[in-house]
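To keep things clear, I will list the structure first and then write my remarks on it.
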Amino acid sequence: MKFLFNALSTFILLLSVNSLNAAIPVVQDNLISAGQNKIDNYKICFAVCDYSGKNMIIIREFEQSGQACYIGIDPFDLKTLIIPAAKVKARLLSWKQIMDDYSNTPYIRAIRKSSRNSDKLQDAGIVHGFTEENGITLTVDLCPSRKPLDREIFTSLISEFGKTEKPVPLALSVTGKFMLTHPEDMDWIKGLISAGDISVTWINHTYNHRYNPQKPLNENFLLEPGTSMDFEILQTEIALLQRGLLFSVFFRFPGLVSNQQSVDTINDYGLIPIGTDAWLAKGQPAYKGSIVLIHGNGNEPLGIKDFLHLLKTKRSAVMRKSWLLYDLSETIESEFIN
Ligand SMILES: [Zn+2]
């Protein structure tokens with residue numbers, strides 16, 4: 001196992017060494033740049049700063065093509081941003097201090113709410129959003145898989161919503177392994193973002209997403225003994241940044257399996273666990289504000305079938321703009337604004 005881990009790290013290192021250099025990115029719809037980025041010295045860092053007239057919470061520091069950068073979060077709209085370190089004066093704070101100082105912001109309120117049901121073995125975190133109109137937030141999980149991406153989800157969304165909502169907002173919970181083994185699918189998704197057809201909220205779904213069908217849930221997925229949380233979380237963030245993609249503040253537990261301690265750990269990385277109240281393949285119906293879960297990794301044809309059926313039944317409401325797809329950050333922000 002250790003050898004595998006080392007081999008993987010070496011491979012990732014080689015990837016980043018061989019990658020093309022790029023200037024500090026311009027972030028648009030969570031797509032930083034088309035090419036590969038060189039990411040080094042990636043670390044957790046908690047601080048606050050003012051940037052572009054906004055008070056930002058910093059959660060990571062790193063170098064991109066030799067230039068020092070931070071990942072900042074706007075605590076009011078929950079959006080992440082890459083901040084060039086040279087442009088700001090960061091004030092280091094402990095995570096606990098940030099939780100106290102920013103306790104009235106939607107971001108910290110969402111963090112606190114996400115830990116309230118953390119004693120559950122499945123589906124901890126935030127499972128429902130706030131919407132003004134009828135509609136849902138769609139989350140598509142990209143767990144490790146040998147099968148190709150189910151592209152019909154995307155093409156159907158674009159054809160159904162393209163006239164009323166462009167880009168179509170959706171959230172993709174992505175694993176490092178999926179990115180590593182599906183480069184063409186990742187490029188295809190990036191193409192849809194560049195074309196303005198979809199906007200993606202990238203949810204961290206861990207790097208390895210290990211699963212052992214022989215083990216009970218409380219020793220499975222991320223609860224498997226010996227799991228490195230640093231690797232699972234940070235390496236997934238690095239893998240996104242290397243591909244020119246910027247992760248959000250959201251996290252989804254593999255198998256939706258967690259315990260109190262793992263939820264606390266995720267919160268301590270500054271991330272908000274997102275569950276679901278409408279896993280379509282399990283027969284849970286979607287209603288107003290639902291965070292809908294389907295799998296886009298080719299392993300859940302039933303969920304896709306149900307989702308396409310849902311789209312069809314809502315077609316006239318979609319055309320009237322009375323049934324919408326919601327951006328995950330916006331629906332969570334609205335939930336915690338007051
Ligand atoms: Zn998964």
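What the table shows:
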| quantity | calculated |
| --- | --- |
| Subset of region 113-146 that is outside any loop (DSSP other than H, G, I, E, B) and within 16 Å of the ligand (Cβ to nearest atom) - its residue that is surrounded by the fewest Cβ atoms within 10 Å (Cβ to Cβ) | GLN122 |
| Selection from region 155-176 of residues that are surrounded by fewer than 22 Cβ atoms within 10 Å (Cβ to Cβ) and either more than 16 Å from THR139 (Cα to Cα) or out of contact with any strand residue (DSSP E or B) (no Cβ under 9 Å at 6 or more places or on another chain) (or both) | THR155, SER156, SER159, GLU160, GLY162, LYS163, THR164, GLU165, LYS166 |
| The lone exception for GLU152 - which of (1) touching a Gly at 6+ places or on another chain (Cβ under 8 Å); (2) more than 21 Å from PHE253 (Cα to Cα) it fails | (1) |
| Of all residues making up region 248-261, the number that are within 16 Å of the ligand (Cβ to nearest atom) and in contact with a Ser or Thr (Cβ under 8 Å, 6 or more places away or on another chain) | 6 |
| Among the residues listed as LEU241, LEU222, the single one being among the hydrophobic types (A, V, I, L, M, F, W, C), within 16 Å of the ligand (Cβ to nearest atom) and either buried (at least 16 other Cβ atoms within 10 Å of the Cβ) or under 20 Å from LEU271 (Cα atoms) (or both) | LEU222 |
| Among the residues listed as LYS305, LYS288, LYS312, the single one being touching a residue at least 60 places away in the same chain (Cβ under 8 Å), more than 16 Å from the ligand (Cβ to nearest atom) and of a type in the set (Lys, Arg) | LYS288 |
| Subset tally (residues that are small (Gly, Ala, Ser) and closer than 22 Å to ILE332 by Cβ) for region 53-76 | 1 |
| Criterion violated by GLN214 - all others in (1) more than 16 Å from the ligand (Cβ to nearest atom); (2) surrounded by 17 or more Cβ atoms within 10 Å (Cβ to Cβ); (3) without any contact (Cβ under 8 Å) to a residue 60 or more places away in the chain; (4) closer than 24 Å to ASN299 by Cα satisfied | (2) |
| Test: residue in region 65-72 that is part of a helix (DSSP H, G or I) and either acidic (Asp, Glu) or touching a strand residue (DSSP E or B) at 6+ places or on another chain (Cβ under 9 Å) (or both) | no |
| Residue satisfying condition, being out of contact with any Cys (no Cβ under 8 Å at 6 or more places or on another chain) and closer than 25 Å to LYS288 by Cβ, within set THR155, THR164, THR206 | THR164 |
| Single condition ASN37 does not satisfy, out of (1) modelled with pLDDT of 90 or more; (2) assigned to a loop (DSSP other than H, G, I, E, B); (3) under 25 Å from ASN208 (Cβ atoms) | (1) |
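Yes/no per residue for (1) under 19 Å from ASP123 (Cβ atoms); (2) assigned to a loop (DSSP other than H, G, I, E, B); (3) modelled with pLDDT of 95 or more; (4) within 16 Å of the chain's Cα centre (by Cα):
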residue	(1), (2), (3), (4)
ASP185	no, no, yes, no
TRP202	no, no, yes, yes
THR206	yes, yes, yes, yes
ASN212	no, yes, no, no
LEU222	yes, no, yes, no
PRO225	no, yes, yes, no
ILE233	no, no, yes, yes
ALA239	no, no, yes, yes
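Residues are listed down the side, and each one gets a yes or a no for (1) within 18 Å of GLU160 (Cβ to Cβ); (2) crowded, with 22+ Cβ neighbours inside 10 Å; (3) within 22 Å of the chain's Cα centre (by Cα):
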position	(1), (2), (3)
VAL263	no, yes, yes
ASP277	no, no, yes
ALA286	yes, yes, yes
ILE294	yes, yes, yes
PRO301	no, no, no
ILE304	yes, no, yes
LYS321	yes, no, no
TYR326	yes, yes, yes
GLU333	no, yes, yes
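The values are calculated or read from the model by the stated rules, or taken from the named source; none is laboratory data. Nothing here was measured: the structure is a model prediction, and the numbers come from that model. So basically every Cβ, Gly included, is an ideal-geometry build from the backbone, and we count neighbours across all protein chains shown.
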